[in-house]
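The structure under discussion appears below in the form of structure tokens.
The values are calculated or read from the model by the stated rules, or taken from the named source; none is laboratory data. If you're wondering where the values come from, they're calculated on a predicted model, not measured in any experiment. No Cβ is skipped: glycine too gets one built from the backbone with ideal geometry, and neighbour counts run over all protein chains shown. When the accessible area is computed, the model is the full protein with side chains, heavy atoms only, and any ligands, DNA or RNA have been set aside. Shrake-Rupley method; radii C 1.70, N 1.55, O 1.52, S 1.80 Å.
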Amino acid sequence: MSISTYGHVNEQELKNHATKERRILLGLTYPAVFCVITVMVIPVAWLFYLSFIGSDGNFSLEHYQRMLDSKSYARIFLMTFKVSLLTTVICICIGYPLAYFLSQLPARVANICMLSVLLPFWTSLLVRTYSWLVLLQRKGIINQAGMDMGFWDEPLKLVHNLSGTLIGMVHIMLPFLILPLYASMKSIPQDYMKASSNLGATPTQSFWQVFFPLSLPGLMAGSLIVFILSLGFFVTPAILGGGKVIMVAMQITNNIELFYDWGAASALGVVLLVMTFGILFIASKLVRLDNVLGGGH
Amino acid sequence: MSTTNGLPISISGITKRYGNLHALDNIDLEIKQGEFLTLLGPSGSGKTTLLMALAGFTRPDHGSIKFGDEEIILKAPHQRGVGMMFQNYALFPHMNVSQNISYPLRLRKVNKTEIAERVNQALETVQLTGFGDRGINQLSGGQRQRVALARAIVFSPRILLMDEPLSALDKNLREKMQIELRHLHEELGMTTVYVTHDQREALTMSDRIVVINNGKLMQCATPRDLYDYPANKFVAEFIGESAFLKVDHQGDGVYFDGQKLVVETLPKKQKDLLLMVRPERLMVMVDGQNTKDMNIFNVTVSEIVYQGETKMIYVILADGVSMSMRLSTRSGQPQNQIDKGDKIKLVLHKSDTTVVVDGGY
């Protein structure tokens, strides 16, 4: 038998092998796909449907109409975006220098420092938020220490308001900014900075003209994650906001727990979801989204 | 690209320690104006550390580096005005080819028309005319290498440093670029310091080669002197192939296996001497050959390996020491009849009989 005949005989078999291999690989995704459909797609679709059902049980836009009519809803959305934006901006101001510092450390030291960034992740969100309450309240540690040392005479209003909410949220969100930012900074070769300084750039010029532009994908990724997570935040503003900071997620809870109005709650959820997608869409026009979702280059 | 006058570089007493390790051990070196000097050594020898000290990226523990008459050891990298090519090119991925090349000019606040002119000139010099708008990721390895070169020379630095710039290219392209870099250097005239671990590259390109090992300067010489008269066994072994035969110094000269060697020069040192035998310098003795100024070795052929343009004849000397001889594979030569197991006589000319000192490690 000639070689070419052999090739022909095996052709179908080899093709079958390849198909089988692909199927097995694809099979790995089945559990995840199943989970997403049962706990995510179906409930979201159901809530979407509910948001269009009026109190009389028929199709109606009354929930959306109410959002347009009532000033309080506009205020809630505005507050939600304000808190999210401020949280993101403060996270960038604190997180960027920190991530830069970490990225310049030798690997071993950087790993230890990274651990301290990640540590809060392993503590319950609720515990962390209540600890801030302990620290920030009128007779809390910070006010006591500040007054004992004579920095201020009256207790500062650090909590049960916007600043308290922001302090808590920045603390919780910071790792979400630092992780993708650090990853993208780490992937910038040291030689780029050497090259720019060799070509005549001062350290400041090197940073702004070479390092910063190359760290932008990571910064965008981190900021977007922080901003979007903040949009749906509930625990921290509820505990540290003292009723003055009402965000969308809290209004949804109110609608369900106080008024048992699933339709109104769903409509809020839908609007928030649509707005989030809108922001993602605009962001994807500014940076390539695969960069953002991939968290680096 | 206008011709620039190179600056001489004067290095003295440069030392750099990492813990107990001497990365650079009291290096003294004078690099002439417009010279193409290669730092050659195995990995970890300190050659890159020395280059980085010249560029300003490594801070030596002590010593002095002068560019021309100016002491620059305390100057920051961006104040040194030297061009540099990095091993992985370090082209900025967020800038296109033109922006990369114009970057040093923009930093120097050169006006726009002149920038455009000089970028075009630089692109022409590296034969990449019309590539200005390409992204870095759209370029092949060879093209990136040329862009890196253009960026390093566009601001007419008087000193150019190169850190193994050709190591990422394949063999054919590398050999082509070696010649091109050499021509470019002749054309532009800047003092060039080139780091490589490839001895053939060093021999091809350099005016002088500095061999470095364990942070110490072993030898600084022209390619030819380095190859023919290595300062010690390390240099001889690092550059080219060779066998080393133990020789004794006895009053009137050196002896191998009881036979006095005819030599041109001898090292001052009289101990630990080795005869360096390069495979291509050995010849098969033919009948009736004039053996004046020749050293004769009686050997047995142990192995013949065909390597295309040449073949290696591995032989064993009387006392069991082995060496090799490289012969042309041209047809119609008497030596073509040599077979494994033959007992033959080899001759080595007086000027090829080099005695070196064991050491340098």
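The requirement of being over 20 Å from the mean Cα position of the chain (by Cα), in a loop (DSSP other than H, G, I, E, B), within 14 Å of chain B (Cβ to nearest Cβ) and of a type in the set (A, V, I, L, M) is satisfied by A:ALA201. Hey, could you check the range A:174-198 for residues that are under 17 Å from B:PRO93 (Cβ atoms) and more than 12 Å from every other protein chain (Cβ to nearest Cβ) and say which is most open to solvent (accessible area, probe 1.4 Å)? The qualifying residue most open to solvent (accessible area, probe 1.4 Å) is A:LYS186. Can you find a residue in the range B:220-231 that is of a type outside the set (S, T, N, Q), in contact (Cβ under 8 Å) with a residue 12 or more places away in the chain, touching an Asp or Glu at 6+ places or on another chain (Cβ under 6 Å) and not assigned by TED's automatic domain parsing to the domain that holds B:LYS350? No; the residues of the range B:220-231 include none that is of a type outside the set (S, T, N, Q), in contact (Cβ under 8 Å) with a residue 12 or more places away in the chain, touching an Asp or Glu at 6+ places or on another chain (Cβ under 6 Å) and not assigned by TED's automatic domain parsing to the domain that holds B:LYS350.
Apart from one condition, B:GLY130 fits all of (1) open to solvent by less than 10 Å² (accessible area, probe 1.4 Å); (2) more than 14 Å from chain A (Cβ to nearest Cβ); (3) not β-branched (Val, Ile, Thr); the exception is (1). B:HIS78 meets each of the listed conditions (1) more than 14 Å from chain A (Cβ to nearest Cβ); (2) in contact with a helix residue (DSSP H, G or I) (Cβ under 7 Å, 6 or more places away or on another chain); (3) within 27 Å of B:GLU35 (Cα to Cα); (4) open to solvent by 20 Å² or more (accessible area, probe 1.4 Å) apart from (1). Please indicate, with yes or no, whether at least one residue in the range B:81-102 is away from chain A (no Cβ under 14 Å), buried (at least 16 other Cβ atoms within 10 Å of the Cβ) and of a type outside the set (A, V, I, L, M). Checked the range B:81-102: at least one residue is away from chain A (no Cβ under 14 Å), buried (at least 16 other Cβ atoms within 10 Å of the Cβ) and of a type outside the set (A, V, I, L, M). Across the range B:329-349, the number of residues qualifying as open to solvent by less than 60 Å² (accessible area, probe 1.4 Å) and out of contact with any Lys or Arg (no Cβ under 8 Å at 6 or more places or on another chain) comes to 9.
One residue stands out in the range B:196-248 among those that are of a type in the set (Gly, Ala, Ser) and not in a loop (DSSP other than H, G, I, E, B): the one that is nearest to the chain's Cα centre (by Cα), namely B:ALA202. So, in the range A:100-157, exactly how many residues are among the hydroxyl-bearing types (Ser, Thr, Tyr) and either assigned to a loop (DSSP other than H, G, I, E, B) or open to solvent by less than 60 Å² (accessible area, probe 1.4 Å) (or both)? Number of matching residues: 5. Restricting attention to the range A:229-241, the residues that are open to solvent by 40 Å² or more (accessible area, probe 1.4 Å) and either outside any helix (DSSP H, G or I) or of a type in the set (Asp, Glu) (or both) add up to 2. Candidates A:VAL274, A:VAL210, A:VAL226: the one that is crowded, with 17+ Cβ neighbours inside 10 Å, assigned to a helix (DSSP H, G or I) and more than 14 Å from chain B (Cβ to nearest Cβ) is A:VAL226.
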